[in-house]
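Below you'll find the structure, written out as structure tokens, and then a few comments.
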Amino acid sequence: MLHIFCPHCQEYREEDEFHYRGQAHIVRPKDPEALTDEEWGSYLFFRKNPKGIHHELWYHTTGCRQFFNVTRDTVTYKIHESYKIGEQPAVKSEDDLA
């Protein structure tokens, strides 16, 4: 079981208290009306699924009910950091370096 640090509650809690919500740092379209069907479909349905460092969005369901980001290694499940929405990760993924 993962022990996740909630940056809002300032404590480690068991994974059961949280809900994974997908990839973090997704850039929202500035003008959705101008997108083609293919571009809109790509934005809605296609996410990265890397082997290694990945930035994820989590929700503290049974705690403070706040969203936050987690940097986790998808191979080892090691959590490198958790940080509030709007903050930048200290640990970079391969996509961040490209």
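The values are calculated or read from the model by the stated rules, or taken from the named source; none is laboratory data. Predicted model, so just to flag it, every value in this text is computed and none were measured. Because the Cβ atoms are built from the backbone with ideal geometry, glycine has one as well, and the counts that use them run over all protein chains shown.
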Legend entry - Of residues in region 62-91 being surrounded by 13 or more Cβ atoms within 10 Å (Cβ to Cβ) and hydroxyl-bearing (Ser, Thr, Tyr), the one farthest from the chain's Cα centre (by Cα): 74
Legend entry - Failed item in (1) surrounded by 10 or more Cβ atoms within 10 Å (Cβ to Cβ); (2) in contact (Cβ under 8 Å) with a residue 24 or more places away in the chain; (3) charged (D, E, K, R), with residue 15 passing the rest: (2)
Legend entry - Residue check for residue 52: surrounded by 10 or more Cβ atoms within 10 Å (Cβ to Cβ), within 19 Å of residue 89 (Cα to Cα) and out of contact with any His (no Cβ under 8 Å at 6 or more places or on another chain): yes
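On the given criteria, is residue 18 at pLDDT 95 or above and not acidic (Asp, Glu)?
Values: at pLDDT 95 or above: yes; not acidic (Asp, Glu): yes.
Yes; evaluated as a whole, the condition is true for this residue.
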Inset, instruction - Within region 24-41, identify whether any single residue is over 18 Å from residue 85 (Cβ atoms), of a type in the set (Ser, Thr, Tyr) and out of contact with any Cys (no Cβ under 9 Å at 6 or more places or on another chain), and answer yes or no. - result: yes
